[in-house]
Every structure is written in structure tokens, then in C-alpha cells.
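Undergrad: One structure follows; several queries about it will come next.
The values are calculated or read from the model by the stated rules, or taken from the named source; none is laboratory data. Here the structure is a predicted model, which means the values were calculated and not measured. Note: ideal-geometry Cβ built from the backbone for every residue, glycine included; neighbour counts use all protein chains shown. Only protein heavy atoms, including side chains, enter the accessible area calculation; ligands, DNA and RNA are left aside. Shrake-Rupley method; radii C 1.70, N 1.55, O 1.52, S 1.80 Å.
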Amino acid sequence: MRTRAELKAMAKEQIKGKIGALFLVTAVISVISGLAALILSLVPLGSLIAAVIITPAFSLSLVRIYLALVNLDWKPEVKDAFSGFDDFWTAFKASFLTGLFTFLWSLLLIIPGIIKGYSYSMAMYIVAENPGISAREAINRSKEMMEGHKMELFILYLSFYGWMLLTVLTIGIAGIWTIPYMTATLTNFYNELKPKEATYFSASNPDFEQF
């Protein structure tokens, strides 16, 4: 498995020349999510409903975008922000179940909840690369994939602490570069862990519009 430094170096190259497109896609998602929350806030629990319904599909969209970016050198377009809605229910169930399971483990103690959160962290990537898979199967595969690698992911997240602090200090401006850098690195981490026969995003299957 590649080192953290290698994963980060790869990410820097992968996002080069694509920061503007990634920012635009992320901005579209943020604006639509914000408007939906604002409109639904007029009804009880409306904002929460908006987050639960919309966020999983957009999360799947972003996972697909970054998988295509790191594997196919894909430059995202605005329409790609909505690709996750074609598998809305699987994204919703995967997000809901991982949140529920993490919460239930957290009722025991905070640490077990955090550990389980890392165990489930690859589920959305697995959903993205395996059309038709069930949410439970994606979660189970994530648990298997993360066995023995949870501390590595924790340290990888920790290594971005300075960048996230810079993002806060610049009122989010630095995040235009930091968030794609971090997300591409995490996608590379997933690629390192997944079974090598899993080649859904490959040179033989290069059309991102398949979604």
C-alpha cells in the first residue's frame, strides 16, 4: 500500500487544473441543499428532512466525481452533481444505516462509535462502484475492507488538521483547494484498499455518463 505522502502527492496531481470545476460542482450542491433546507424549514423538522433526503444522493454524486477524477482524469461538469439521484434509495439507505449503527455504538461509549464510523466509511464508495448492490452489503464490504486499516485512516485525516485550520482562518477560502485535495487523497486511500479485481472505473469503462 502506498504511503500517506504518496497518496497526497497523487491527489495534488489529480486535482491540478480542475479546482475551478470542482468548486463549481460543490457550490451547486451547497446552494441547492441550502435552498431546500430553507424552504422546508417552514415546516416542523423541515431542515432535518431536507438533509436526510438530499445529502445522501449528493454524497454519492461527489464520490462518483472523485472516483472518475482520480481513475480517469475526469473533469467534472455541473450535471455530474446530480448523478447520485439515479441510485437515490441505495444512497439513502447506506447513509441512514451507517448513521444509525454509528449512533447505536456511540450509546455504549464514544470511542466504539468512532471506530465503527471508520469501519463504515467506505460504504458510499462501494455503492458508487457496484451498481445494484444493497446498502447492507456495501456496509459489510466496507467493514471487511477497513479491517486493520482504521488507524491508518484516522492518521490520514489527522494529517490534514493544519489545512482544515487554515480553511477556518481564511473563512473557508482555502477550502476551495483544501477540500478537493483531501477528498482526492481519501479516494486514493479507498483505491488502495479495494480488491484489485474491482475495476468499475477503468480504462475499459471510461464513460462517466453511464450513471
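Undergrad: May I ask you to list the GluC sites (Glu not before Pro) in the range 89-153 that are in a DSSP loop and have at most 12 other Cβ atoms within 10 Å of their Cβ?
TA: Glu147
Undergrad: Moving to a separate point now. Leaving ligands, DNA and RNA out of it, work out the accessible area of Arg136 with a 1.4 Å probe and give it in Å² to the nearest 10.
TA: Approximately 130 Å² of Arg136 is accessible to the 1.4 Å probe.
Undergrad: List the lysines whose Cα lies under 28 Å from the Cα of Lys196, skipping any in the same chain that are fewer than 8 positions away.
TA: Within reach: Lys8, Lys12, Lys16, Lys18, Lys75, Lys93, Lys116, Lys143, Lys150.
Undergrad: Suppose R0 equals 30 Å; then what is the FRET efficiency for Ile39 and Thr170 from their Cβ-Cβ distance, rounded to the nearest 0.05?
TA: 0.50
Undergrad: What are the ³J(HN,Hα) couplings of the range 120-126, residue after residue, when phi is run through the Karplus curve with 6.51, -1.76, 1.60 and θ = phi - 60°? Round to Hz, x for glycine and proline.
TA: 8, 5, 9, 4, 5, 4, 5
Undergrad: Determine, from the Cβ-Cβ distance of Trp163 and Lys75 and an R0 of 35 Å, the FRET efficiency 1/(1 + (r/R0)^6), rounded to the nearest 0.05.
TA: Computed FRET efficiency for Trp163 and Lys75: 0.95.
Undergrad: Between Arg136 and Phe96, what is 0.36 nm times their sequence separation minus the Cα-Cα distance? Round to one decimal in nm.
TA: Length gained between Arg136 and Phe96: 13.3 nm.
Undergrad: If you take the Cα Rg of the range 60-114 and divide it by 2.2 N^0.38 Å, with N the number of residues, what do you get?
TA: Taking N as the residue count of the range 60-114, the ratio is 1.52.
Undergrad: Same structure again: List the GluC sites (Glu not before Pro) within the range 1-91 that fall in a DSSP loop (any state other than H, G, I, E or B) and whose Cβ has at most 15 other Cβ atoms within 10 Å.
TA: Of the GluC sites (Glu not before Pro), the ones in loops of the range 1-91 whose Cβ has at most 15 other Cβ atoms within 10 Å are Glu77.
Undergrad: With each pseudo-label sitting 7 Å past Cα toward Cβ, what's the Ile155-Leu48 distance in nm, one decimal?
TA: Using points 7 Å along Cα→Cβ, the separation is 3.9 nm.
Undergrad: Still on this model: With no solvent and one equal point scatterer per Cα, compute the Debye intensity ratio I(q)/I(0) for the range 121-184 at 0.12, 0.14, 0.16, 0.18 Å⁻¹ and report its log10, rounded to two decimals.
TA: -0.44, -0.57, -0.68, -0.77
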